[in-house]
1. Tally time: how many residues in the stretch B:4-28 are in a loop (DSSP other than H, G, I, E, B) and facing chain A (nearest Cβ under 9 Å)?
2. Looking at the stretch B:613-690, what helices (runs of 4 or more DSSP H) fall wholly within it and have at least 1 residues that are out of contact with any strand residue (DSSP E or B) (no Cβ under 8 Å at 6 or more places or on another chain), more than 14 Å from chain A (Cβ to nearest Cβ) and farther than 24 Å from residue B:298 by Cα?
3. Looking only at residues in the stretch A:52-72 that are more than 8 Å from chain B (Cβ to nearest Cβ) and not in a loop (DSSP other than H, G, I, E, B), which one is farthest from residue B:3 (Cα to Cα)?
4. Among the residues of the stretch B:106-118, is any more than 14 Å from every other protein chain (Cβ to nearest Cβ), closer than 23 Å to residue B:348 by Cβ and in contact (Cβ under 8 Å) with a residue 60 or more places away in the chain?
5. Just name the residue that is surrounded by the most Cβ atoms within 10 Å (Cβ to Cβ) out of those in the stretch B:229-246 that are over 30 Å from the mean Cα position of the chain (by Cα) and more than 14 Å from every other protein chain (Cβ to nearest Cβ).
6. If you go through the stretch B:419-445 one residue at a time, how many are touching a helix residue (DSSP H, G or I) at 6+ places or on another chain (Cβ under 7 Å) and assigned to a loop (DSSP other than H, G, I, E, B)?
7. So which of B:377, B:372, B:381 is free of Cβ contacts under 8 Å to residues at least 12 places away in the same chain and either in a loop (DSSP other than H, G, I, E, B) or surrounded by fewer than 19 Cβ atoms within 10 Å (Cβ to Cβ) (or both)?
């Protein structure tokens, strides 16, 4: 018969919960808008630890990596350009 | 003069995933949307967010309130002031209520505005006395939440980062669809987690899976019964958890005995050995997760299938444990939207009038009544509108009341950020329903097919133009902040402003004391000892401390206090207390194919974004996926226009030959119309292309308990045509 793995409980769960709480505390510091020097250090550390090697980085994507942006004048001209599907009275 | 750019933290609402992003603002315009630099949020961005600034600058965007002149749907509009529009709306709604009662108002909301009203829409309705609120979440996540609550009192969220096995029922997260879920699954796989995919199509996720089961469309419930048969027979379940924390296990065991693997293999079309291997992998490799999937939400056996997924989680002991499925519940320091909605203000007599609750009660007030006391006991509040899905009217029943006045007339219909005509089954009925209204108000960005049938189109703001406190749809306990990056253009306003204004005009002003949405957010955040402006200046995200196995202290929020494998609520409502499999009716003659509806295309969310040139250029036409062998049989080439028909209706689509499709199955995209067509006769192409026309909602094609339509495995046929 196949054996099943047990979900965490008891002291193992307590250990995991403490670890998760520590991770959460770090996440809070990393997510602070007004960062202290320690927050900035932690942010750099987490960034380094979580950034995959380029070959393993499945999130790379040509649309995202192109850093597509718009010019404010271009958007202004676009908005005031000819409506295509609308009723002139609107 | 060009100024230096300023960056704002925003939460994207171009789909419902709510990625936290950065908006770069220059000269009063958002000129770039980019990924957040926070390493925990990095990469959670997709093309819909990136191109959003272009969409919000579209020349056709509705910038001023418009009032219909001439016949409904004739496409003639007059610009009016907000004050005039709201004054007339209040006056006409008052007349409808005086003549037909408050239940004669129905409201449909979704996507970009859902949850940005912070519960004020339901609050208004509860004050007025109408229970008839509908939403796309009736067939997408909201209904799943309601069914999960019946089993164990909350809708759990998968702990994918710590899991060892992931099961995707037809779900296919990709780089540009459900991006954070895709990111999490790929990372978990890199760390050794197994992936099981159940999908008729060899999807991108199936290609990466350790085990792919190409099940027949719409057979999720049967597959789960087969897995349980294996898991119970081989005693692979968590016996301690089952003994201490479940009720109805013996009854369930007897029920699943009727579903031996051979029978399930016949129903699902899968190899019996593969079914056994998958069940064993799920039960022994754990903790495992079955993330939410829209596919299971939209089937004839949806209630049973969702319950069975919840049952699998429970009997294997994966509930509220690391790497399993977490009960996040309310953030302890944030007033939830459920409180703002004030469901206690709607009296029992009006709740009883909620449309559809007599025949399909699961996600209605009637269906969730028995959860009020347990929810208060465990989660501290009587009402928990998780994913907005716990107190809804049934959409089909609502449209029938609107169209035919049965069981009573609904004569006013408000549609906020929701292209209702295309968003539910049976578009023919929905159009008839809307045309039969005394008052139709649409709050929108564009003149959608639904807006074209309105009396008033009110200009809505966008997620780059409003502040937002994102509370995870009442499902997750993380709260995130979104800053207003730029002012709304023209006279665009938020949904909060709409409801507040109407409430004051209708005499409910005392219940809407907030001057603006920031004041409401400040009230919700008062426990932090700071107002919205202080909170948003200091927090991007706030998550309470993690806790697991919380049920050991408080039990489960069900009538028995345990996981109800046999549902006391469903039995009290007159349904089978155990999950089951219900066979499809025989396909009518002349419909030899099957249809899988609801492909999510990377470029679009639901019926949106087709007006954004860069996205439309990537996918200019609606496509039906066809296996090459079927294409040969029907004389189709790549790009041939075809009519795909069910007994209910027909749509015109372009054939895309895909060898990842199984033979005999067609896959149709959701929500197509062509915003560039100014053609009231075709409702901008909706009458030609919108899949809602081929979705029936009669009894054979509705789930019994929820009344949601069957979108996976409808009988269909196709015919090549000359013209688009």
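1. Of the residues in that region, 2 qualify.
2. Once the helices (runs of 4 or more DSSP H) in the stretch B:613-690 are filtered for at least 1 residues that are out of contact with any strand residue (DSSP E or B) (no Cβ under 8 Å at 6 or more places or on another chain), more than 14 Å from chain A (Cβ to nearest Cβ) and farther than 24 Å from residue B:298 by Cα, what remains is B:628-634.
3. A:55
4. yes
5. B:229
6. 6
7. Every option except B:372 fails the conditions.
Yes or no, residue by residue, for (1) away from chain A (no Cβ under 14 Å); (2) in a helix (DSSP H, G or I); (3) buried (at least 24 other Cβ atoms within 10 Å of the Cβ):
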position: B:138; (1), (2), (3): yes, yes, yes
position: B:146; (1), (2), (3): yes, yes, yes
position: B:181; (1), (2), (3): no, yes, no
position: B:189; (1), (2), (3): no, yes, no
position: B:218; (1), (2), (3): yes, no, yes
position: B:224; (1), (2), (3): yes, yes, yes
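The values are calculated or read from the model by the stated rules, or taken from the named source; none is laboratory data. Quick caveat, the model's predicted, so the values are computed rather than measured. Neighbour counts run over all protein chains shown; Cβ positions are idealised from the backbone, glycine included.
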